[in-house]
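One structure is given below, encoded as structure tokens.
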Amino acid sequence: MATSTDRALWFRAAEGDAEAFAQLYDRHARAIYNFLYRRTASWSDAEDLTSAVFLHAWRRRAEVQLDRDSALPWLLRTADYTVRNEWRSKARYRRAVAAAHLLVSHERDHADEVAGRLDDDQQIRRARTALRKLPKQEQEIVELCIWAGLDQQAAAVALNVPLGTVKSRLSRARKHLRELTPVSAVENQS
């Protein structure tokens with residue numbers, strides 16, 4: 001049995017075929033989770049946000065028309081919007097709690113103390129710190145091309161910019177990251 005393209009699966013899902021949508025989920029959930037984990041440095045937040053991305057995709061499946069055979073660029077852009085909304089929501093919450101003088105210290109979940117996850121969290125934080133020093137446009141390119149593994153054409157679609165723009169931003173981002181950090185701290189995350 002031939003494997004269907006994402007576009008064909010999306011069309012079937014838009015017609016109400018839950019199995020087609022499940023196949024899309026199976027294909028892309030790991031990439032979306034990894035993208036969100038790298039953005040949040042929290043495995044539990046990444047799991048929750050991955051669910052939110054696919055819930056949003058399910059709800060919008062009849063409205064969205066893919067312009068490529070892969071749904072991944074659209075899903076990654078949706079993941080980007082989802083994580084930004086989450087950050088804004090958390091910032092509003094922290095401001096409200098601080099205003100009410102109820103700010104309490106945050107205790108990490110016991111699961112975060114597992115040695116492997118702590119090491120991963122520390123590496124992600126170092127990489128995120130280096131990434132934050134880049135201009136916003138270069139950050140997006142690193143997140144899509146290096147961390148999420150999109151090719152440059154797919155990143156151009158996800159960002160709605162020309163391919164040449166993606167290439168130049170990626171080149172500048174790599175140069176800046178080499179200047180800011182040891183190579184292993186960023187590229188080991190890909």
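Condition first: in contact (Cβ under 8 Å) with a residue 24 or more places away in the chain, not basic (Lys, Arg) and not in a helix (DSSP H, G or I). Now tell me which residues in the stretch 21-72 satisfy that. Selection gives ALA41, SER42, ALA62, VAL64, LEU66, ASP67, ASP69, SER70, ALA71.
Would you confirm whether any residue within the stretch 170-182 is surrounded by 13 or more Cβ atoms within 10 Å (Cβ to Cβ), modelled with pLDDT under 80 and either out of contact with any Lys or Arg (no Cβ under 6 Å at 6 or more places or on another chain) or over 21 Å from TYR33 (Cα atoms) (or both)? Taking every residue of the stretch 170-182 in turn, at least one turns out to be surrounded by 13 or more Cβ atoms within 10 Å (Cβ to Cβ), modelled with pLDDT under 80 and either out of contact with any Lys or Arg (no Cβ under 6 Å at 6 or more places or on another chain) or over 21 Å from TYR33 (Cα atoms) (or both). Within the stretch 52-77, if we keep just the residues that are surrounded by 15 or more Cβ atoms within 10 Å (Cβ to Cβ) and of a type outside the set (A, V, I, L, M), the residue that is nearest to GLN139 (Cα to Cα) turns out to be ARG77. Considered as a group, the residues in the stretch 123-179 that are in contact (Cβ under 8 Å) with a residue 60 or more places away in the chain and among the small types (Gly, Ala, Ser) include one that is farthest from THR78 (Cα to Cα), and that residue is ALA127.
The values are calculated or read from the model by the stated rules, or taken from the named source; none is laboratory data. Because the structure is predicted, anything quoted here is derived from the model rather than measured. Positions of Cβ are generated from backbone atoms using ideal geometry, with glycine treated the same way; all protein chains shown enter the neighbour counts.
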